[in-house]
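> This is the structure I have questions about; it appears just below.
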Amino acid sequence: MSTVENRIPSLQALHALNPAQQPAYPDPAAVLEVTAELRQRPPLVFAGECDQLKHYLAEVAAGRSFLLQGGDCAETFDAVSATELRAKLRVLLSMAVVLTYAAQLPVLKVGRIAGQYAKPRSKDTETRGDVTLPAYRGDAVNGLDFTPEARTPDPKRLIETYNRSAASLNLLRAFVKGGFADLRSVHTWNADFVRNSNVEDKYEALSAEIERALAFMVACGVDDDTLRNVDFYSSHEALLLEYEHALTRIDSRTGNPYDTSAHMVWIGERTRQVDGAHVELLSRLRNPIGLKIGPTISTSDLLALVDKLDPESEPGRLTIISRMGADKVRDVLPPLVEAVEGTGRKVVWVCDPMHGNTFETHTGYKTRAFSRVAEEVNGFFDVHDALGTWPGGVHIELTGSDVTECVGGVDELDEESLADRYETACDPRMNRNQSLELAFTIAERLAAGNRKRVNPVQQYRAEDF
Ligand code: PEP
Ligand code: CO
């Protein structure tokens with residue numbers, strides 16, 4: 001019989017591989033208690049949904065769909081509220097509408113949400129003045145306050161991670177299937193924001209066009225559920241081995257192991273060692289898997305990772321998320337894409353234009369410039385255009401409110417304004433206007449590509465007559 005124990009390595013075996021970026025819990029017995037409890041909890045997602053997502057990702061890999069993946073760098077327990085979740089979903093849905101309209105292709109929507117609570121850090125400790133404490137590693141591990149109590153890793157936070165993820169998923173599922181995502185309310189998603197910018201005018205114009213098109217369809221008798229509901233999936237970085245291991249379950253239909261903490265999980269740039277514990281664990285799971293790659297990766301390492309993570313060359317299994325930086329993407333990405341394409345695999349190529357473009361202002365804020373982010377996206381599209389491969393999607397750190405964390409964009413946010421609403425627990429996120437503006441930037445590239453493709457109406461006509 002297939003059991004978790006005989007399908008995936010034990011936690012001891014994973015720890016024997018010296019996993020990077022794991023918390024130093026002071027009390028090992030407390031960790032055992034927590035993992036035992038988590039193993040008894042119901043799964044957060046159903047294996048069948050993970051398979052569905054893999055199918056949709058295979059459509060992206062084939063160039064028939066585009067992936068929009070986004071959300072906070074680090075979710076926080078406090079931000080699990082209806083207002084915050086609605087705002088994030090609303091910005092993602094608005095971006096998806098802009099992209100769908102431009103590309104005339106389905107846009108697959110995946111949140112960095114309902115589980116994105118653990119962070120890899122470049123340093124194990126943080127020093128302020130003459131006090132040094134453990135670095136903040138996300139609400140799943142410790143607290144952001146700079147006190148010894150908050151910063152000591154507490155395994156009970158993994159139970160809270162599960163609970164907050166469950167509550168978030170529950171509300172998100174209700175929103176996307178219960179009417180909030182109805183395309184006919186495309187206007188109202190943004191109604192409570194003051195119309196103060198170019199981007200919003202553009203969005204208004206686009207929603208008016210969509211409403212006219214919908215009215216036409218309804219008048220013709222097309223009144224379909226697909227206009228009312230959307231499919232929305234959850235994802236996060238699979239960083240904490242205790243948590244991901246404890247939420248792995250055997251699917252009763254197929255006997256295969258799935259990490260039921262999210263539909264899709266990814267391996268970060270700092271934990272992608274070919275013989276490391278994260279790659280070992282995720283290689284055994286049947287979820288769709290993401291792999292983040294930065295500019296220092298070698299072609300041979302990438303090929304070894306791809307072999308290990310996608311041994312059966314399964315379309316949609318592997319999403320490669322590159323985060324090279326605007327200056328490097330055009331040089332570094334092409335040989336990597338060529339090497340993987342040369343294996344005949346159908347992977348999804350995604351651009352994370354955030355993590356390679358972070359810098360610190362003279363006032364000490366970690367930020368990103370909208371122009372550099374847009375430039376990496378353009379570089380990514382240029383690379384794929386030149387190679388004839390499909391730029392499958394984007395992976396963005398964003399939030400639904402008007403924070404001031406990234407500079408530039410339509411509101412021309414400057415370095416001095418960052419102090420106004422700098423609220424992130426980790427990396428700087430695009431605010432709502434910057435996210436929508438980025439969506440319009442991507443839309444332009446998709447629309448340009450679209451002119452070269454057969455559009456869905458032509459295809460429909462060709463099939464019917
Ligand atoms: C992240 O996605 O927040 C992150 C830490 O990215 P990376 O692993 O690419 O550095
Ligand atoms: Co980040």
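> Out of the residues in the stretch 351-377 that are closer than 17 Å to A439 by Cα and open to solvent by 20 Å² or more (accessible area, probe 1.4 Å), state the one that is farthest from ligand 1 (Cβ to nearest atom).
S371
> Working only within the stretch 145-162, note down all residues that are touching a Phe, Trp or Tyr at 6+ places or on another chain (Cβ under 9 Å) and either under 19 Å from E84 (Cα atoms) or not in a loop (DSSP other than H, G, I, E, B) (or both).
Hits for the stretch 145-162 are A150, R151, R157, L158, E160, T161, Y162.
> Please indicate, with yes or no, whether at least one residue in the stretch 83-91 is within 30 Å of W390 (Cα to Cα) and within 16 Å of ligand 1 (Cβ to nearest atom).
yes
> Filter the stretch 410-440 down to the residues that are within 30 Å of P334 (Cα to Cα) and open to solvent by 20 Å² or more (accessible area, probe 1.4 Å) and list them by number.
R429, E437, F440
> Residues being open to solvent by 10 Å² or more (accessible area, probe 1.4 Å) and either not charged (D, E, K, R) or not in a loop (DSSP other than H, G, I, E, B) (or both): count how many of those fall in the stretch 282-291.
So in the stretch 282-291, the residues open to solvent by 10 Å² or more (accessible area, probe 1.4 Å) come out as 283-284, 286.
Right, trim to either not charged (D, E, K, R) or not in a loop (DSSP other than H, G, I, E, B) (or both) and you get 283-284.
Within the stretch 282-291, residues that are open to solvent by 10 Å² or more (accessible area, probe 1.4 Å) and either not charged (D, E, K, R) or not in a loop (DSSP other than H, G, I, E, B) (or both) number 2.
> Taking D201, is it of a type outside the set (A, V, I, L, M, F, W, C), at pLDDT below 95, surrounded by fewer than 18 Cβ atoms within 10 Å (Cβ to Cβ) and assigned to a loop (DSSP other than H, G, I, E, B)?
When the stated conditions are applied, D201 does not pass them.
> Which helices (runs of 4 or more DSSP H) does the stretch 297-405 wholly contain that include 2 or more residues that are within 18 Å of the chain's Cα centre (by Cα), away from ligand 2 (no atom under 15 Å from the Cβ) and farther than 17 Å from A61 by Cα?
The helices (runs of 4 or more DSSP H) meeting that bar are 370-387.
The values are calculated or read from the model by the stated rules, or taken from the named source; none is laboratory data. Please read all numbers here as calculations on a predicted model, not as lab measurements. Using ideal geometry, Cβ is built from the backbone for each residue, glycine included, and neighbour counts are taken over all protein chains shown. SASA here: full protein model, heavy atoms, side chains in, ligands and nucleic acids out. Shrake-Rupley method; radii C 1.70, N 1.55, O 1.52, S 1.80 Å.
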